[in-house]
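This report refers to the structure that appears directly beneath it.
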Amino acid sequence: GAGVSQTPSNKVTEKGKYVELRCDPISGHTALYWYRQSLGQGPEFLIYFQGTGAADDSGLPNDRFFAVRPEGSVSTLKIQRTERGDSAVYLCASSPDAGELFFGEGSRLTVL
Amino acid sequence: GNSVTQMEGPVTLSEEAFLTINCTYTATGYPSLFWYVQYPGEGLQLLLKATKADDKGSNKGFEATYRKETTSFHLEKGSVQVSDSAVYFCALTKGTGGFKTIFGAGTRLFVKA
């Protein structure tokens, strides 16, 4: 596709469950970002990849959160032992040069 | 650390009114500055940017000037339209060994016909 694709668009899970969110960036974009956005707030940085490696993971809130990008394209954000406070919209963005970000429409996670 | 502060919303204006949304930043060195916009039901998209001091970014009638002396990047438009109703986010990119983009909390704009 032409833009950043995120799946699923909506995910409802129960407290304590494991969740994976997928991001398919724009072809050729080397930089990939994950953000979390709560209602009425701006995007909160989680992690940034340059190619396959995490260049900056300082925004991951704790060790329940992990992200991978094994082939330098698709990325998966993994959340273990989900908590109600993890409920938010998870945004993925890609960039050809770590300047302008191109965002997907987000994955809305609800933890019951 | 780096941070972005923008005026709280919502901002409600009548069509053709003048718009200013204030944004100030804290960063070491020389960040690049951005305004992103999120229209209802859509993802965030870049509105305009400026990469060095005194640069003016512009797009769709919106403008913002990178003011290093006041660490500001205020968004302006001379005559807003109903279709400009959206949430506007100020952001900066600055990093050593990386390019982490930091966003402000967003300002919701409502434009009435």
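The values are calculated or read from the model by the stated rules, or taken from the named source; none is laboratory data. Predicted, not measured: the structure shown is a model, and the values here were computed from it. In this analysis, Cβ positions are derived from the backbone assuming ideal geometry, glycine residues included, and neighbour counts consider all displayed protein chains. Just the protein is used for accessible areas: all its heavy atoms, side chains included, with ligands, DNA and RNA removed. Shrake-Rupley method; radii C 1.70, N 1.55, O 1.52, S 1.80 Å.
Seen from B:ALA53, the other residues with C-beta closer than 14 Å to its C-beta sum to a net charge of +3, counting Lys and Arg as +1 and Asp and Glu as -1. Taking K and R as +1 and D and E as -1, what net charge do the other residues with C-beta under 12 Å from the C-beta of A:THR76 add up to? Once all neighbours under 12 Å are counted, the net charge is 0. Using a probe of 1.4 Å on the protein chains alone, the accessible area found for B:ILE21 is around 0 Å². Ordering A:HIS29, B:HIS74 by accessible surface, largest first, gives B:HIS74, A:HIS29; the 1.4 Å probe counts only protein heavy atoms, with every chain in place.
Buried accessible surface for the B/A chain pair comes to about 1400 Å², total over both chains, computed with a 1.4 Å probe. A Stokes-Einstein calculation at 37 °C with viscosity 0.692 mPa s, built on the Kirkwood radius of chain B over Cα pairs, returns a diffusion coefficient of 233 µm²/s. The alpha carbon centroids of the range A:50-66 and the range B:39-113 are separated by 26 Å. In a fully extended conformation the segment linking B:ASN22 and B:LYS52 would gain 9.0 nm over its present Cα-Cα distance, using 0.36 nm per residue.
For the protein assembly as shown, the Kirkwood estimate of the hydrodynamic radius, built from every pair of different alpha carbons, is 18.0 Å. Would you work out if chain A is rounded, prolate or oblate? Take a ≥ b ≥ c from the square roots of the eigenvalues of the alpha-carbon gyration tensor; rounded if a/c is under 1.5, else prolate when a/b is larger than b/c, oblate otherwise. Cα axes put chain A in the prolate bin. Measuring nothing but how far apart in sequence close Cα pairs (under 8 Å, 6+ apart) lie, relative to its length, chain A scores a relative contact order of 37 percent.
Around B:ASN22, what is the net charge, scoring Lys/Arg as +1 and Asp/Glu as -1 over all other residues with Cβ under 13 Å from its Cβ? Net charge in that neighbourhood comes out at -1.
Exceedance of the 25 Å cut-off in Cα-Cα distance is limited, within the set B:LYS56/B:LYS94; A:LYS15/B:LYS100; B:LYS49/B:LYS112; A:LYS78/B:LYS49; B:LYS68/B:LYS94, to A:LYS15/B:LYS100; B:LYS49/B:LYS112; A:LYS78/B:LYS49.
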